[in-house]
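The values are calculated or read from the model by the stated rules, or taken from the named source; none is laboratory data. Everything numeric in this text was worked out from a predicted model, so none of it was measured. No Cβ is skipped: glycine too gets one built from the backbone with ideal geometry, and neighbour counts run over all protein chains shown.
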Amino acid sequence: MDHSQFQSNLTLGFNSHITSSSSSPRKPIADDSISLQINSSFRDSSNSTSPFPLQLLEQQCPNDDQLESGTNAAVVVSATLGQEKEEGVEENEEHLENEEDEEEEFSILGHPMCLKRRKTGETSSCSSSTSSSKRVMKDHELEMRKSAVRAWSNQPLCVADPDIHEIMEKEKQRQCKGIELIASENFVCRAVMEALGSHLTNKYSEGMPGARYYCGNQYIDEIELLCCKRALEAFHLDSDKWGVNVQPYSCTSANFAVYTALIHPGDRIMGLDTPSGGHLSHGYYTPNGKKVSGASIFFESLPYKVNPQTGYIDFDKLEERANDFRPKILICGGSSYPREWDYARFRKIADKCGAVLLCDMAHISGLVAAKVCVSPFDYCDVVTSTTHKSLRGPRGGIVFYRKGLKPKKRSQTQAGYNDQYDFEEKINFAVFPSLQGGPHNNHIAALAIALKQVATPDYQAYMQQVKKNAQALASALLRKKCRLVTGGTDNHLVLWDLRNLGLTGKNYEKVCEMCNITLNKSAIFGDNGAISPGGVRIGTPAMTSRGCLEADFETMADFLLKAAQITCIVQREHGKLQKDFLKGLQDNKDIVEVRNRVEAFASQFAMPGFDI
Ligand SMILES: Cc1ncc(COP(=O)(O)O)c(C=O)c1O
């Protein structure tokens, strides 16, 4: 844009209290091109401060003084147009004294700026009156207050909070240099992270699309509706038969919303026992009867278990217990079950006792979407999931519920004896207002992005690889005579029973952590799980997201075996008790050696979403 046609007095100011101390005279500007002048604190003081045409300036790190004075200015500029003036405090004061100045706010490279235009014909001589100078002082003070907030609002994290920034950088390093084998973890892609860290976090939107408590939700509605559509598509569901709520903050909240919606406090639910691989949110009592989760505090829960010999769910016992207990909700799905779920058998049992069949597919939802394991949707009434495990989306929960006409048998047995499913309204109401407040719109947008990817052939290939990798890992461990629960896996995880090696899950987990391998201790049915879990759970989604293939998982199996050897030696020398055991880990050379190898190995693989 050519500004040379205009004739005006312009000062382009940012943080007018910071000005150049240079007293070098500035050349008159012949034309009206806006000029910028960098504050001398950012320049060599010997430089002339003559103005130059308006341009976008590169962001620089502020110096300490500026940080202290509350400016985040990478550039502090003042500009004059058509006016020859000394740069410095006086100049700014003079401008401020002109009560008739017009201000225009805008930003350059994210830095709030203020454009002041002096009214034509007015001169600084009008500022001589006391009342006007008081007003000017007030304006100045207001401007200072405004600019302080603006400066803080746009500071990058490294400036705004160096402490948190530094810790976050260390966490990045940890993620990149380690082997992540926690079965419930994954690495999201950059687009998901962008949505999570976005302006969508600013909006309140209690309610459902089209029926919000606050106004201004037209775009939030669009995002949530798109997310719901993609959720149904990702799981190949007919929108006449299934509905979905994408607002739960987590899967624990999603499960609790289902109970709140469909049954009354004190009613009975039945899920897989936690030591058998179930989840706390399906109801759990400790061996001494302590009710641990909301599911067991507010509802009556009775667990079913796996067969201690085979590790598979003991369906005969489950059926017998369910017929006696008559739960209103029967739950399938778990946290550490390495095999397929026999949904048809669950359905039969649920129908026999008139229960709603809920599947919590948190761990396997990615595999379900990619059709690399059996789908619960063919048999269940309600399906919940986390969105951040194998699905590889942002952290949160989701509920799918059946809509429309019930099969005849179910309308005669399930509570309410309705022909139609009536879950939609009840579940939506349970999520909000019963249990939650405003949805996390940044999460919902991020979930929509992840679900778009889930529906692609690339995602299907990714999930197939997750499963192949789990099988490669299982085979590598089995070749070394390790004992795996059920003898292998049908999904993304293996359960390694360490008891025959004389190891505790807790000690082994600690050694792995010191070698930069993260996995988690896990109860093995029949051990005294709560006190000393006898095994570990190992999952493949996260490292598959970093590009690891079968051969890489064989290498990881070698690291795991080496860590087991170290645990054996330290336990033998120092004992199993954690206090004594930990002493044996200090300055352990074998651990240092494995850790170095693990770091070198892991660093070869790209990290989705960020670089270090
Ligand atoms: C089967 C199952 N359900 C629910 C949850 C809880 O998920 P969230 O952490 O989102 O509450 C988990 C988490 O590990 C899980 O494995």
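Odds and ends about this structure:
- Checked across region 551-558, the condition of being modelled with pLDDT of 95 or more and exposed (fewer than 13 other Cβ atoms within 10 Å of the Cβ) holds for at least one residue.
- All conditions but one from (1) within 30 Å of the chain's Cα centre (by Cα); (2) basic (Lys, Arg); (3) modelled with pLDDT under 95 apply to Arg410; the one that does not is (1).
- Filtered residue count, region 240-270, keeping only those that are surrounded by 24 or more Cβ atoms within 10 Å (Cβ to Cβ), in a loop (DSSP other than H, G, I, E, B) and within 9 Å of the ligand (Cβ to nearest atom): 1
- Residue within region 417-431 that is in contact with a strand residue (DSSP E or B) (Cβ under 9 Å, 6 or more places away or on another chain), surrounded by fewer than 20 Cβ atoms within 10 Å (Cβ to Cβ) and modelled with pLDDT under 95 present: yes
- Flag if Glu224 is assigned to a helix (DSSP H, G or I) and either free of Cβ contacts under 8 Å to residues at least 60 places away in the same chain or under 20 Å from Ser434 (Cα atoms) (or both): yes
- Residue pairs meeting the criteria (Cβ under 7 Å; at least 6 apart or on separate chains; first at positive phi, in region 289-311; second outside any loop (DSSP other than H, G, I, E, B) and not aromatic (Phe, Trp, Tyr)): Gly311/Val485; Gly311/Thr486
- Set side by side, the residues Met607, Met514, Met543 differ, and just one is surrounded by 14 or more Cβ atoms within 10 Å (Cβ to Cβ), more than 24 Å from Ser336 (Cβ to Cβ), among the aliphatic types (A, V, I, L, M) and within 31 Å of the chain's Cα centre (by Cα), which is Met607.
- With respect to the conditions (1) surrounded by fewer than 24 Cβ atoms within 10 Å (Cβ to Cβ); (2) polar (S, T, N, Q); (3) closer than 26 Å to Val372 by Cβ, Asn491 lacks only one, and its number is (1).
- Residues in region 374-391 that are part of a loop (DSSP other than H, G, I, E, B), more than 14 Å from the ligand (Cβ to nearest atom) and in contact (Cβ under 8 Å) with a residue 60 or more places away in the chain: Ser375 only.
One line per residue, one yes/no per condition, for (1) closer than 21 Å to Gly354 by Cβ; (2) loosely packed, with under 14 Cβ neighbours inside 10 Å:
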residue: Gly277; (1), (2): no, no
residue: Asn288; (1), (2): no, yes
residue: Lys291; (1), (2): no, no
residue: Ser296; (1), (2): no, no
residue: Ser301; (1), (2): yes, no
residue: Gly311; (1), (2): no, no
residue: Phe315; (1), (2): yes, no
residue: Asn323; (1), (2): yes, yes
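- Those helices (runs of 4 or more DSSP H) lying entirely in region 420-492 with at least 1 residues of a type outside the set (Val, Ile, Thr) and free of Cβ contacts under 8 Å to residues at least 12 places away in the same chain: 423-429, 457-479
- Region 392-419 - residue that is hydroxyl-bearing (Ser, Thr, Tyr) and in contact (Cβ under 8 Å) with a residue 24 or more places away in the chain and, of those, nearest to Glu233 (Cα to Cα): Tyr401
- Answer from Ala344, Ala350, Ala355 - the residue that is hydrophobic (A, V, I, L, M, F, W, C), out of contact with any His (no Cβ under 6 Å at 6 or more places or on another chain) and surrounded by fewer than 24 Cβ atoms within 10 Å (Cβ to Cβ): Ala344
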